[in-house]
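Peer 1: Dropping the structure in here first, questions after.
The values are calculated or read from the model by the stated rules, or taken from the named source; none is laboratory data. Bear in mind the structure is a predicted one, so any value in this text is a computation, not a measurement. All Cβ positions, even for glycine, are placed from backbone atoms using ideal geometry, and neighbour counts span all protein chains on display. Heads up: the accessible areas ignore ligands, DNA and RNA and are worked out on the full protein's heavy atoms, side chains in. Shrake-Rupley method; radii C 1.70, N 1.55, O 1.52, S 1.80 Å.
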Amino acid sequence: MRKDPKTLNSFLRIKQITRGVFDLIYPRLCVFCRSKLYTSHDYNICAVCAAEIKPIKVPFCLKCGTSLDQISQIRYNGCGKCANKQYYFDQVLSACKYKGMLKHCIHLFKYKRKRKTKNILSDILIRFLQANFCPENIDLITAVPLHRHKLRERGFNQSELIAAKISSFFKIENSFNNLCRIKKTVSQVTLTAKQRQLNTTGAFSCKQPGEFKNKRILLVDDIFTTGSTLNECARVLKQSGAKKVTCLTIAR
Ligand SMILES: [Zn+2]
Ligand SMILES: [Zn+2]
């Protein structure tokens, strides 16, 4: 049954009041600094902590997403860091720098299972896309997959949860079981760029290549480091016939 706008408005008002009263009795805490939140905060984050999350602003490289000092540094063949590199993906977009509160937020989500931080992170990406990209240019959203053993251990794929939020916000079709990780890779944290590349080579595969054929794909991951994981995923997507692969990461 569809609610008429008047009923919906009063429903939302009642919900707001109930929440306000409840917050007074049991104040919610900021997920980062544990300070009390008396006013209505959608994501359980205080204003001080929210201000510490700094988005990457234009100008940034149109190929690898590195933030640039001046707009005149934008070139079609990439910036000083990527101009000589060949990637399978067409572009990388990263919303924030991987430091401070944002780094803490990703850790809370990934390793401490603080699921509420998912909304903060997906909201950052949605706003970033609205400001810097045209979501109409995407046909399908997918995410960097975890190996099934890792998925069983963690219980969820952080990139997939975020990608699903973006998919439902922009009403773009998603695909999460097609691209899969077939090689159990070691943690990349201490590896060099060359070792990372070797570690990810042949790590991904696609069950039904037809689903990606001629599609403009948005590939979501949490962090961009050297780009080897995204590049290997993009290689598989391109091999499956994808027309364009744009990578989106929360941080870099
Ligand atoms: Zn706080
Ligand atoms: Zn670049």
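Peer 1: It is to be established whether one or more residues within the stretch 55-72 are within 16 Å of ligand 1 (Cβ to nearest atom), within 18 Å of the chain's Cα centre (by Cα) and open to solvent by less than 60 Å² (accessible area, probe 1.4 Å).
Peer 2: To start, the set of residues in the stretch 55-72 that are within 16 Å of ligand 1 (Cβ to nearest atom) comprises none.
No.
Peer 1: Can we say Leu230 is closer than 17 Å to Phe89 by Cβ, in contact with a Phe, Trp or Tyr (Cβ under 7 Å, 6 or more places away or on another chain), among the aliphatic types (A, V, I, L, M) and part of a helix (DSSP H, G or I)?
Peer 2: Values: closer than 17 Å to Phe89 by Cβ: yes; in contact with a Phe, Trp or Tyr (Cβ under 7 Å, 6 or more places away or on another chain): yes; among the aliphatic types (A, V, I, L, M): yes; part of a helix (DSSP H, G or I): yes.
Yes: the conditions hold for Leu230.
Peer 1: Quick check on this structure: which one of Lys171, Lys150, Lys194, Lys207 is among the basic types (Lys, Arg) and either within 24 Å of Cys96 (Cα to Cα) or buried (at least 20 other Cβ atoms within 10 Å of the Cβ) (or both)? Quick ask: steps written out before the conclusion?
Peer 2: On the way: Lys150 fails: either within 24 Å of Cys96 (Cα to Cα) or buried (at least 20 other Cβ atoms within 10 Å of the Cβ) (or both); Lys194 fails: either within 24 Å of Cys96 (Cα to Cα) or buried (at least 20 other Cβ atoms within 10 Å of the Cβ) (or both); Lys207 fails: either within 24 Å of Cys96 (Cα to Cα) or buried (at least 20 other Cβ atoms within 10 Å of the Cβ) (or both).
Among Lys171, Lys150, Lys194, Lys207, only Lys171 is among the basic types (Lys, Arg) and either within 24 Å of Cys96 (Cα to Cα) or buried (at least 20 other Cβ atoms within 10 Å of the Cβ) (or both).
Peer 1: Can you find, within the stretch 85-96, the residue that is nearest to the chain's Cα centre (by Cα) among those that are near ligand 2 (Cβ under 10 Å from one of its atoms) and either open to solvent by 10 Å² or more (accessible area, probe 1.4 Å) or farther than 15 Å from Val245 by Cβ (or both)?
Peer 2: Among them, the one singled out is Gln91.
Peer 1: Another one. Does Ser187 fit the bill of being of a type in the set (S, T, N, Q) and closer than 26 Å to Lys103 by Cβ? Outline the logic, then answer.
Peer 2: Details: of a type in the set (S, T, N, Q): yes; closer than 26 Å to Lys103 by Cβ: yes.
Spelling it out, Ser187 is indeed of a type in the set (S, T, N, Q) and closer than 26 Å to Lys103 by Cβ.
Peer 1: Sticking with this one: Scan the stretch 117-144 residue by residue and report those that are under 20 Å from Lys244 (Cβ atoms) and crowded, with 18+ Cβ neighbours inside 10 Å.
Peer 2: Those that are under 20 Å from Lys244 (Cβ atoms) and crowded, with 18+ Cβ neighbours inside 10 Å: Leu125, Phe128, Leu129, Ile138, Leu140, Ile141, Thr142, Ala143, Val144.
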